[in-house]
1. As a quick test, which of the pairs Lys104/Lys212; Lys6/Lys100; Lys212/Lys304 have an alpha carbon distance above 32 angstrom in this structure?
2. Going by alpha carbons, how many degrees (0 to 90, nearest 10) lie between the helix axis of 228-245 and the longest principal axis of the chain?
3. Kirkwood Rh over Cα pairs of segment 192-247 into Stokes-Einstein at 37 °C, 0.692 mPa s: D in µm²/s?
4. Got a sec? Charge dipole of the chain, +1 on Cβ for Lys and Arg, -1 for Asp and Glu; which of Ile119, Phe107, Gly273 is way out at the positive end?
5. When ranked by the protection proxy of mean other Cβ atoms within 10 Å per residue, highest first, what sequence do the peptides 23-33, 130-140 form?
6. Taking only Cα atoms and a 10 Å spring cutoff, compute GNM fluctuations for the chain and point out the largest among Asn219, Asn232, Asn154.
7. At a 10 angstrom cut-off on C-beta neighbours, averaged per residue, how do the peptides 275-284, 205-214 rank from highest to lowest?
8. Provide the gained length on full extension for the span Thr57 to Tyr2, in nm with one decimal, where the gain is 0.36 nm per separating residue minus the Cα-Cα distance.
Amino acid sequence: MYKTLKIGVFYGGWSSEREVSVRSGKNVLNALLRKNYNATGIDITRNNIKDIVCSHTFDTVFLLTHGKGGEDGTIQGLLESLNINYTGSDVTASALCMDKILTKYFFSGNALPTAPYHIIDSDPLEKNNYRFPAVIKPRREGSSVGVSVLNNMNDLHNYLKEQNNCSEGYLLEDYIKGREFTCGIIGTGNSAMALPVLEIRPKNQFYDYEAKYTDGMTNFIVPAEIQHELSNKIKELSLNAYRAAGCRDFGRVDSIVSDEGDIYLLEINTLPGMTNLSDLPMEAKADGMCYDDLVEHILLSALKRL
Ligand SMILES: Nc1ncnc2c1ncn2[C@@H]1O[C@H](COP(=O)(O)OP(=O)(O)O)[C@@H](O)[C@H]1O
Ligand SMILES: [Mg+2]
């Protein structure tokens, strides 16, 4: 009966992650068509969004709009107002996870381990207790845009001068030396489950924009070659974070494990990449779930809300 429902696959958008979003969207659309769903793909832009949501009668929208505008609660709010069901996290969880400062408060408030941090929203000279090396991140960006490793106060001043505005603020975090992992989650609430942990081994100093989007700049190992106990701990923390934030249908939690063996959560991605080569589909595959089944699993999780 689900196969007759009208599914709109929204991709594109106007964030810096537009290109990846188009790839995610086309892959998901093809998977739904192969599964015989009544799906239509739409490249969303600032110009067409109003007409599309007003003139179409989708039973459910499959959102693949990564980044600002599409992953931060904005488009979710629009669909919510029009009473259109959609895949993925709701307005609150999306907005929370897109905001790196609010995410820090959320982690701390839920006893979820995260690196020590400072918020930089005024003249950094006012404080002098920063620790280096540190990682600085703009409050509301993704894809490592604006993320930089700083070694001293001088680096911090130069960084802020180059960025040229401090209006939204920045997060300054202790640099954690160790290994980076990501853990995909599928489902909602008590039905949510963690996929095998994937290790990200960038060739650069950290998983920067170049390492993310240039072929061969990063090695991915899934399942991660780590002790069972550590893998289970990463899964457990990732699942706890996902559930506590109220995330739905699918998501991915990034973390770093320090050389001392401590786990630090970096962030929750509420609308992770869904190209056939993205992390989450790779993790699902390692668990024996093919791409098309993964897409259907996410859709069915959202259809329960109809
Ligand atoms: N505290 C940290 N210590 C070491 N590396 C970090 C730290 N925070 C972030 N990074 C590196 O920067 C990358 C991007 O940071 P992240 O917080 O995930 O922001 P984004 O939303 O841009 O992906 C991470 O994947 C990791 O490689
Ligand atoms: Mg990240």
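1. Lys6/Lys100; Lys212/Lys304
2. With rounding to tens, the tilt is 70 degrees.
3. My calculation gives 258 µm²/s for D.
4. Value computed over the given set: Gly273.
5. By packing density, highest mean first, the sequence is 23-33, 130-140.
6. Among Asn219, Asn232, Asn154, the largest mean-square fluctuation in the Gaussian network model of the chain belongs to Asn154.
7. By packing density, highest mean first, the sequence is 275-284, 205-214.
8. 18.3 nm
Here, each number is a calculation from the coordinates, and none is a lab measurement. Treat the numbers as computed from the prediction; the structure is a model and nothing was measured. With ideal geometry, Cβ positions are generated from the backbone for all residues, glycine too; neighbour counts draw on all protein chains shown.
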